[in-house]
Amino acid sequence: MLFFRFLLLQVRSSGWMNILAADIRMNISAKTIALDDRPQMSLGDCTADVGNFDIEIGGDVLPWLINLFWPGGIAGGQSAIHEQACNIARSILLTNFKNFLLALSLHLPIGQNFFIDYAVEENPNFTSKYVEAQAAAEVVYDAQKCHPEKLEEWSEADLVPKMTVVWMSESIPNCLLKSANEGKLVHFTVGKDIPSVAFYLRTSCSLISICLGRFFKELQTEYPDQYMDLYFHTYKAPFIHMQNDSIRINSTSAMDFYINPIKEHPESLARLVLSSSSSVIPEFIGNRFTGNMTDRQNEIRENFSDIDEVPQTFLNLFEKVFTMTSRVMVESTLHKGVPIPIFDNVTISGTSEIRTFEKTFALMLILSLTDYRNKFLCNLVVSNEYHKLHLINMVL
């Protein structure tokens, strides 16, 4: 019988390995979902392209052993780098986007104590050509609320492809105008502190002069040697009617007669009402929705008078002044515009358009995003297809 003895020999060897991976480019798919009425980000597939991958090995027998498994080692190293890079990228994006989206308020101020309350109720619909999202919103002024009409359907006929298309019902601007009227935001007073008109506001004047007292005899007898204050304000909420390729604004303004100063004489002595209908060409100025007035039709009438009947001669004479004043009120509101609630560092391009349809209008937007506060860069790439948006080309 034979016996064999094996002696185990312990062999020690040392070596080193340097791995260099550079020019790592990744593409990550992402989509927006609705969570607790807020938009949230969900990340999908991740691909990584390692432009430069190099392994340098040195030592005793270690290089010889590694060479036996070199092809598998390269593939394993690249796979590990791909997985690690995607994990890091996902972590960075999720953290930044999550913090950013959670910080978004659902109660957005849009100026002059106006707010928009909104809620993302359904997940956006992603297709190969576009992203479609719907949100419920209401326009709020101070403690007042207005519930816009829900937009059931819209036409996309003859629309020029843009980066983003936002559809809105005409009830949105009408809610703003209604709130502005109820909040008495559009008003001003013409008084004796304006030197150019002070003399015409007198209740008494000579026979060869023109003043309010010449048209209203009761002003001369009941309120001699005083001045009048003319208080201009909206009488009814203006109403916007959207039609195919046109916007019509119907407004009713009023002018009340008060003895100066109004604080000491708060009772209106007479009121004239001006009804007008105007066509408006909408446009963008910066990040605001504005417009230019074109044709305008006016009608002036007496609402009431406690200082004699308003004579027709006065109406004829004053109609031009009243019309001009009312026009200035409307144009100042149009030129000031309505701010469009978009995020910081996002601007609306001058090539953006506004299209109007029956009871609806579409904002055809080209958006520019520049944000260097984060440690990564997101390139928003727009294709020639209908409002298609690709996200994300990220370079670490």
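The values are calculated or read from the model by the stated rules, or taken from the named source; none is laboratory data. Keep in mind that this is a model prediction, so the values were computed, not measured. Note that we place each Cβ from the backbone using ideal geometry, even for glycine, and neighbour counts take in every protein chain shown.
Just a yes or no: is a residue in the stretch 339-355 under 30 Å from Thr252 (Cβ atoms), of a type outside the set (A, V, I, L, M) and at pLDDT 75 or above? Don't jump to the end; show me each part of the working.
Initially, the stretch 339-355 is screened for residues under 30 Å from Thr252 (Cβ atoms), giving 339-341, 354-355.
Filter again for of a type outside the set (A, V, I, L, M), leaving 339, 341, 355.
Add one more test, that the residue is at pLDDT 75 or above, and what stays is 355.
Yes - at least one qualifying residue is present in the stretch 339-355.
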Go through (1) buried (at least 16 other Cβ atoms within 10 Å of the Cβ); (2) modelled with pLDDT of 70 or more for Leu94 and report which single condition fails.
(1)
Go through (1) modelled with pLDDT of 70 or more; (2) exposed (fewer than 13 other Cβ atoms within 10 Å of the Cβ) for Phe115 and report which single condition fails.
(2)
Exactly one of these conditions fails for Arg214: (1) basic (Lys, Arg); (2) assigned to a helix (DSSP H, G or I); (3) at pLDDT 90 or above. Give me its number.
(3)
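Could you check, for the stretch 130-142, whether at least one of its residues is in the same structural domain as Lys236 (by TED's automatic domain parsing), modelled with pLDDT of 75 or more and not in a loop (DSSP other than H, G, I, E, B)?
Taking the stretch 130-142 and keeping what is in the same structural domain as Lys236 (by TED's automatic domain parsing), we get 130-142.
In the following step, the residues that additionally are modelled with pLDDT of 75 or more were identified as none.
Within the stretch 130-142 (the criterion being in the same structural domain as Lys236 (by TED's automatic domain parsing), modelled with pLDDT of 75 or more and not in a loop (DSSP other than H, G, I, E, B)), the answer is no, since none of the residues qualifies.
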Six or more apart or on different chains, Cβ atoms under 8 Å: show the pairs whose first residue is in the stretch 294-308 and in a strand (DSSP E or B) and whose second is surrounded by 13 or more Cβ atoms within 10 Å (Cβ to Cβ) and acidic (Asp, Glu).
Asn298/Glu319; Ile300/Glu319
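Mind listing whichever residues of the stretch 245-260 are assigned to a loop (DSSP other than H, G, I, E, B) and either within 16 Å of Val190 (Cβ to Cβ) or polar (S, T, N, Q) (or both)?
Of the residues in the stretch 245-260, the ones assigned to a loop (DSSP other than H, G, I, E, B) are 245, 260.
Asn260, the sole residue that qualifies.
Out of all the residues in the stretch 197-210, is one or more in contact (Cβ under 8 Å) with a residue 60 or more places away in the chain and in contact with an Asp or Glu (Cβ under 9 Å, 6 or more places away or on another chain)?
Just the residues of the stretch 197-210 that are in contact (Cβ under 8 Å) with a residue 60 or more places away in the chain, to begin with: none.
So far as the stretch 197-210 goes, no, none of its residues is in contact (Cβ under 8 Å) with a residue 60 or more places away in the chain and in contact with an Asp or Glu (Cβ under 9 Å, 6 or more places away or on another chain).
Give the stretch 219-230 a look and list any residue that's outside any strand (DSSP E or B), in contact (Cβ under 8 Å) with a residue 24 or more places away in the chain and surrounded by 15 or more Cβ atoms within 10 Å (Cβ to Cβ), or say none.
Applying the first criterion (outside any strand (DSSP E or B)) to the stretch 219-230 yields 219-226.
Filter again for in contact (Cβ under 8 Å) with a residue 24 or more places away in the chain, leaving 219, 222-223, 226.
Leu219, Tyr223, Gln226, listed by residue number.
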Within the stretch 251-281, restricting attention to residues that are in contact with a helix residue (DSSP H, G or I) (Cβ under 9 Å, 6 or more places away or on another chain) and within 19 Å of Phe361 (Cα to Cα), which residue is modelled with the lowest pLDDT?
Val280
Kindly indicate whether any position in the stretch 290-299 is surrounded by 14 or more Cβ atoms within 10 Å (Cβ to Cβ), within 22 Å of Glu358 (Cα to Cα) and among the hydroxyl-bearing types (Ser, Thr, Tyr).
yes
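Can you find a residue in the stretch 231-250 that is more than 30 Å from Thr356 (Cβ to Cβ) and in contact (Cβ under 8 Å) with a residue 24 or more places away in the chain? Write out each step before concluding.
Here is the first cut: in the stretch 231-250, the ones more than 30 Å from Thr356 (Cβ to Cβ) are 231.
This time we only want the ones that are in contact (Cβ under 8 Å) with a residue 24 or more places away in the chain, so: 231.
Scanning the stretch 231-250, I find at least one residue that is more than 30 Å from Thr356 (Cβ to Cβ) and in contact (Cβ under 8 Å) with a residue 24 or more places away in the chain, so the answer is yes.
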In this structure, is Arg288 modelled with pLDDT under 85, touching a strand residue (DSSP E or B) at 6+ places or on another chain (Cβ under 8 Å) and closer than 23 Å to Ala362 by Cα?
yes
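Right, Asn27: at pLDDT 75 or above and either within 30 Å of Ala135 (Cα to Cα) or among the polar types (S, T, N, Q) (or both) or not? Spell out how you get there, then give the answer.
Details: at pLDDT 75 or above: yes; either within 30 Å of Ala135 (Cα to Cα) or among the polar types (S, T, N, Q) (or both): yes.
Taking the combined requirement at face value, the residue satisfies it.
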Out of the stretch 181-210, which residues are closer than 16 Å to Val328 by Cβ and of a type in the set (Gly, Ala, Ser)?
Ser196
Kindly indicate whether Lys263 is closer than 16 Å to Phe188 by Cα and part of a loop (DSSP other than H, G, I, E, B).
yes
